[in-house]
Structure formats: C-alpha cells, structure tokens
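Participant: Please see the structure below; I have some questions.
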Amino acid sequence: MNDLTKWSLSQDTNLQSPWIEGIPGCGIPGAASLVEHIDRQILVLQRDGRYIVGYLRSYDQYANLVLENTFERFILDDTYCDEPLGIFIIRGENVALLGEVDEEKENQWLSQLRTASLEETKRIVREKRQATKAHLHDQPERVEWTFYDDAFF
Amino acid sequence: MLFFSFFKTFIGKTVTVELKNDVIIRGKVHSVDQYLNIKLEDIEILNIESCPQLMTLKNSFIRGSVIRYIQVYAIDVDCEMLQEAARREYKELKKVAK
C-alpha cells in the first residue's frame, strides 16, 4: 500500500502539476499530470483503436481511469453514433492516448457528419475490426528449429 | 533515469511522436514522467485520415508504453552531453557493483 502522506509537492516539482489533497495518485511522480483533466470531458483512444469519451473522475499512477457518463463513439465514413455506457473503469495498459476535447472543434467536426442508427453502425464497425484483427494474426508460420543436442544424435 | 532527465530537457520543445498504432502526433512537450508518459500541447495529428476523431483534441496525454518513436529536432539535442551523461551513469553503476 502506498503511503500517500509521504509524497509532497517538493518531490513533484519537475512535473509542475498542482497538488490537490485527497486525490489518489496526485503527487506521485507517475501519471501525476492527469490531475488537470479531473472532472473534464476527455477522449480516450484505446490500444485496440476504440474511442471512449467520458468525464474523468479518478486515475492512478498506471493511468487506470474511472470515467463517468461514458459513451463509446463509432465512426464510419461520414456517419457517427454514440453508445452510452455509464461508469467505466479502464485498465491503464489499454490506454494509448487521452486528451481533452475542444468543444468548438468537436461541434464543427460533428456538424460535418450525419448521425446513424446505432445498431447498424456498431455491426459494421465490429465487422471491420474483426477483419483487421484477423489480418493482424495472419502472420507467417513459425520456423521450427531442431537442435541435435540429444545423446542419440 | 537518464532518459527521464533527457526527455525533461524537451519540455517546451516541439517533438513528433509515433505510436505503436501508427498515429503520428506533433506537439509541444508539456511534461514527462518517470514512465516516459508524455503530455503534449497544441497537438497536430499528421495522419489525420486514419483517426479523424483525434482532430478535436487540444492536448494529449500519451502513455509511455504505446510510444514507438519520438522524433526531435537535432538542434534540441546535445549529443555530446548525452554521451557524457551515459558514461557517467555507467561509471556510477560500476562503482555500485564493486
């Protein structure tokens, strides 16, 4: 168990992040800079390419995240749709990138797109993902090496 | 710890980060931490067609484990100093080993 009281701002000076008492991970010289995103709407790009949008409520040094009012955003050509998911806890290893959403830019961007039916978009996006996944695992067969270090050879 | 210190010298400088999922991001380094997670400001996605959604971000936190390359401008790097620091660290390690 980490003793949070041991950490202080002085150990954290290189990060130039504000110290907020009672927030786990704050002041730990890990993902400490995420503190600025707390209670803001953030977009998370996961390692598998999915986009999750939600309000960041908590995090820790591994960048495990707790998101509220979460939705997954599906994008297909010039259509998009959101699937509400509620509260989401993302294990840090699956996070590739996260950032704050610029509302102005987002609105401008979404206005160029059409909303689509969730079921249909989800189905097509999932199929596409399956296809790329299959392609990724489509690697050449392993070369079998035989080492004759046995007494019989 | 050498690379942590090294990357700290890039704070405020512009770098280009390529991720393992082929996203390429250019931005100003805001902060770096011990896992080499990097926070960029004023970001620009160089291959926007592969991930149009990221266009809407104004800053981004990149987890160190997904970074493939970091491209920096040569003018920002003092290779001699880096080499010297590497030698120093090696010497110190040897001292500890004895």
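Participant: Mind listing whichever residues of the stretch A:35-64 are closer than 14 Å to B:Ile62 by Cβ and without any contact (Cβ under 8 Å) to a residue 40 or more places away in the chain? Walk me through it before giving the result.
Facilitator: Restricting attention to the stretch A:35-64, the residues satisfying the condition of being closer than 14 Å to B:Ile62 by Cβ are A:37, A:42-47, A:63.
Answer for the stretch A:35-64, where residues must be closer than 14 Å to B:Ile62 by Cβ and without any contact (Cβ under 8 Å) to a residue 40 or more places away in the chain: just A:Ala63.
Participant: I'd like the full set of residues that are at the interface with chain A (Cβ under 9 Å from one of its Cβ atoms), of a type in the set (Val, Ile, Thr) and out of contact with any helix residue (DSSP H, G or I) (no Cβ under 8 Å at 6 or more places or on another chain), limited to the stretch B:44-74.
Facilitator: Scanning the stretch B:44-74 gives B:Ile62, B:Val66.
Participant: From the list A:Glu83, A:Glu104, A:Glu119, A:Glu100, pick out the single residue that is modelled with pLDDT under 85 and acidic (Asp, Glu). Break it down stepwise before answering.
Facilitator: On the way: A:Glu83 fails: modelled with pLDDT under 85; A:Glu104 fails: modelled with pLDDT under 85; A:Glu100 fails: modelled with pLDDT under 85.
Only one candidate qualifies: A:Glu119.
Residues are listed down the side, and each one gets a yes or a no for (1) buried (at least 17 other Cβ atoms within 10 Å of the Cβ); (2) within 7 Å of chain B (Cβ to nearest Cβ); (3) within 12 Å of A:Tyr51 (Cβ to Cβ):
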{"position": "A:Leu65", "(1), (2), (3)": "yes, no, no"}
{"position": "A:Thr70", "(1), (2), (3)": "yes, no, yes"}
{"position": "A:Asn94", "(1), (2), (3)": "yes, no, no"}
{"position": "A:Asp102", "(1), (2), (3)": "no, yes, no"}
{"position": "A:Asn107", "(1), (2), (3)": "no, no, no"}
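Participant: State whether the residues of the stretch B:5-23 include one that is surrounded by fewer than 18 Cβ atoms within 10 Å (Cβ to Cβ), within 17 Å of A:Gly99 (Cα to Cα) and at the interface with chain A (Cβ under 9 Å from one of its Cβ atoms).
Facilitator: yes
Participant: Considering only residues that are farther than 30 Å from A:Arg114 by Cβ and surrounded by fewer than 18 Cβ atoms within 10 Å (Cβ to Cβ), look in the stretch A:30-59 and name the one that is nearest to the other protein chains (Cβ to nearest Cβ).
Facilitator: Only one residue fits best here, namely A:Glu36.
Participant: Does B:Leu54 satisfy being under 27 Å from A:Arg40 (Cα atoms), at pLDDT 90 or above and aliphatic (A, V, I, L, M)? Break it down into steps so the answer makes sense when it comes.
Facilitator: Numbers: under 27 Å from A:Arg40 (Cα atoms): yes; at pLDDT 90 or above: no; aliphatic (A, V, I, L, M): yes.
So B:Leu54 does not fit the description; no.
Participant: From the list A:Thr132, A:Thr146, exactly one residue is within 12 Å of chain B (Cβ to nearest Cβ), more than 30 Å from A:Ser33 (Cβ to Cβ) and modelled with pLDDT under 80. Which is it? It would help to see each step written out before you state the result.
Facilitator: Values: A:Thr146 fails: within 12 Å of chain B (Cβ to nearest Cβ).
The conditions single out A:Thr132.
The values are calculated or read from the model by the stated rules, or taken from the named source; none is laboratory data. The model shown is predicted, which means the values in this text are computed figures rather than measured ones. Every residue, glycine as well, gets a Cβ built from its backbone with ideal geometry; the counts of neighbours run over all protein chains shown.
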